[in-house]
1. Check whether at least one residue in segment 138-153 is under 19 Å from Glu6 (Cα atoms), within 21 Å of the chain's Cα centre (by Cα), in contact (Cβ under 8 Å) with a residue 60 or more places away in the chain and open to solvent by less than 90 Å² (accessible area, probe 1.4 Å), and report yes or no.
2. Determine, yes or no, whether Phe129 is within 22 Å of Glu21 (Cβ to Cβ) and open to solvent by less than 60 Å² (accessible area, probe 1.4 Å).
3. Take the conditions out of contact with any Gly (no Cβ under 9 Å at 6 or more places or on another chain), open to solvent by less than 70 Å² (accessible area, probe 1.4 Å) and of a type outside the set (S, T, N, Q) and apply them to Leu84. Does it pass?
4. Of the residues that make up segment 99-106, is at least one open to solvent by 40 Å² or more (accessible area, probe 1.4 Å), in contact with a strand residue (DSSP E or B) (Cβ under 6 Å, 6 or more places away or on another chain) and either over 22 Å from Leu4 (Cα atoms) or in a helix (DSSP H, G or I) (or both)?
5. Is it fair to say Arg96 is charged (D, E, K, R), in contact (Cβ under 8 Å) with a residue 60 or more places away in the chain, closer than 30 Å to Pro152 by Cβ and crowded, with 17+ Cβ neighbours inside 10 Å?
6. State yes or no: is Gln58 free of Cβ contacts under 8 Å to residues at least 12 places away in the same chain, of a type outside the set (A, V, I, L, M), under 19 Å from Asn111 (Cα atoms) and open to solvent by 40 Å² or more (accessible area, probe 1.4 Å)?
7. Could we say that Lys114 is out of contact with any His (no Cβ under 7 Å at 6 or more places or on another chain), part of a loop (DSSP other than H, G, I, E, B) and open to solvent by 60 Å² or more (accessible area, probe 1.4 Å) here?
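The values are calculated or read from the model by the stated rules, or taken from the named source; none is laboratory data. Computed from a predicted model, the values in this text were never measured in an experiment. Note: ideal-geometry Cβ built from the backbone for every residue, glycine included; neighbour counts use all protein chains shown. Ligands, DNA and RNA are excluded from the accessible area calculation, which covers all protein heavy atoms including side chains. Shrake-Rupley method; radii C 1.70, N 1.55, O 1.52, S 1.80 Å.
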Amino acid sequence: MKQLFEQYASYNLWANRILLEKLSSVAPEILFKETGSSFRNIYETVVHLMEVESIWWQRLRMQENAKAPEKDADKNPQVVFKKLLALSQQWNDWVRDANENYFTHVFGYYNSKKEFFKQTVYEMLLHLFNHQSYHRGQIITMLRQNGEDKIPTTDFIVFSRKK
């Protein structure tokens, strides 16, 4: 099981890195242009990716009241990109260093509606990495809708071929 999650964590970091490299090269107005998806624009979608990685990290670490990290007051995409990559690296490092037994550990947490749940770590990790892929796909669609080309491929199979 650990080997699979090492791949997922490494893939998540890789995919975030290449997508954020692309986003760093687009005009700021594209990042903030209302496009219509789960979130209003690309920037808000990236903020969501960052918040989710942070909140699940806090839950895993048994922090009682998981809170989203502060958003950059100036809406500086580069600050958010840096925070997301640091969180993705943190997940990658944690999975790499984890004992095989950690993945079947059951932990409790409160969701955003203050409902209590118990999950295994592996279920949470599957959710986290799948969730991130879903929203990366939305970002790629929003880029295309805004006329961007030369969009990197973030498919898992492409990642696995590069190893």
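1. no
2. So Phe129 fits the description; yes.
3. Yes; evaluated as a whole, the condition is true for this residue.
4. yes
5. no
6. Answer is no for this residue.
7. Considered against the rule, which asks whether it is out of contact with any His (no Cβ under 7 Å at 6 or more places or on another chain), part of a loop (DSSP other than H, G, I, E, B) and open to solvent by 60 Å² or more (accessible area, probe 1.4 Å), Lys114 comes out as yes.
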